[in-house]
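**Student:** Here it is: the structure, laid out below.
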Amino acid sequence: MRDLSDDRRWLAVNTATVRAWSLEQVIEGCTRSGISAIAPWRHIIQQCGLARAARLIRDAGFTITCLCRGGTFTAADEAGRRAALDDNRRAIDEAAAIGAGSLILVAGGLPAGSKDLAGAHAQVRDGIAGLLPHARAAGVPLAIEPLHPMTAADRACINTLAHANDLCDELGQGVGVAIDAYHVWWDPDLPRQIARSGARILSYHVCDWLVPTRDLVFDRGMPGDGIIDLQRLRAMVEDAGYGGHCDVEIFSAQNWWKRDPDEVLRICVERHQTVV
């Protein structure tokens, strides 16, 4: 396992972690903190303007580990599914323009009024398959991110790394996985599925699971503040062949989002070196 104790090269910050900042402020703040890799969300790229965002990123010499996010393939009717594909094609174009290593895909939950989980799974599979020709042509890998089962109804019906790996087996070239500690740490099959993922691992996200958790979406912990064995998890990911960045991605409405973003970045660096 890599020694990160005095090495910031492999630290990336997801822009959700410093939610109050614009893209310009993220680049300036990360530069002050000695961080040169970020994982932006689409809205801050769009707010900046795609051409200008690409120029700012290029001029700063930043690595874009991934773009967050595409997906949400499930819909109650064909028009909704077509609209989702159109939006995902735009997301691919945005990812290509900023040089992102992958586009993160969050599947989507049950369509409104539906209880058909198997049907939702099929919509996700068909949606990714329909997106793949555009992604391959643009040179943007698609990273399927399984989310915790608590999200199956409303956000993501792909909830295990095994399911994501099965989709990769079926869909072939151009599809991989994103492993987020918050969403997969609980899975007893995780070691086997990480090893199975191998070269498919396109993105690795870290944060912590707090006990108690006050909000299942917006109460993630800074690495080291919760119960996830992050070093063991990183060892498994690296043993599987992953040698990329560790993206700190924290949704924290009651804590970290209320703090000075420069302080948040300082602690990200510290925990990257001592916990991750």
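**Student:** If amide H atoms are built 1.01 Å from N in the plane of the peptide, which residues on other chains or at least 5 residues away come under 5 Å of the amide H of residue 105?
**Tutor:** 70, 143, 144, 145
**Student:** Excluding residue 249 itself, what net charge comes from residues whose Cβ is under 10 Å from its Cβ, given Lys and Arg +1 and Asp and Glu -1?
**Tutor:** For residues surrounding residue 249, the net value is -1.
**Student:** Which value, in debye to the nearest 20, describes the size of the charge dipole of the range 40-146 about its Cα centre when Lys and Arg Cβ atoms bear +1, Asp and Glu Cβ atoms bear -1, and nothing else is charged?
**Tutor:** Around 240 debye, computed over the range 40-146.
**Student:** Summing Lys, Arg as +1 and Asp, Glu as -1, what charge do residues with Cβ under 12 Å from the Cβ of residue 223 carry, residue 223 excluded?
**Tutor:** Neighbour charge sum, excluding residue 223 itself: -3.
**Student:** Helix-only estimate, please: 222 nm mean residue ellipticity of the chain, summing -39500 (n - 2.57) across DSSP H runs of length 4 or more and dividing by its residues, to the nearest 500.
**Tutor:** Calculated from helices alone, the mean residue ellipticity at 222 nm is -13000 deg cm²/dmol.
**Student:** If you keep only loop residues by DSSP, which trypsin sites (Lys or Arg not before Pro) in the range 1-52 have at most 13 other Cβ atoms within 10 Å of their Cβ?
**Tutor:** 2, 9
**Student:** Between [x] 1.01; [y] 0.96; [z] 0.94, which matches Rg/Rh (Cα atoms, Kirkwood Rh) calculated for the structure shown?
**Tutor:** Label of the calculated value: [z].
No value in this document is a laboratory result; all are computed from the given coordinates. Everything quoted here is computed from the prediction, not taken from an experiment. Please note: Cβ atoms are built from the backbone with ideal geometry, for glycine as well, and neighbour counts cover all protein chains shown.
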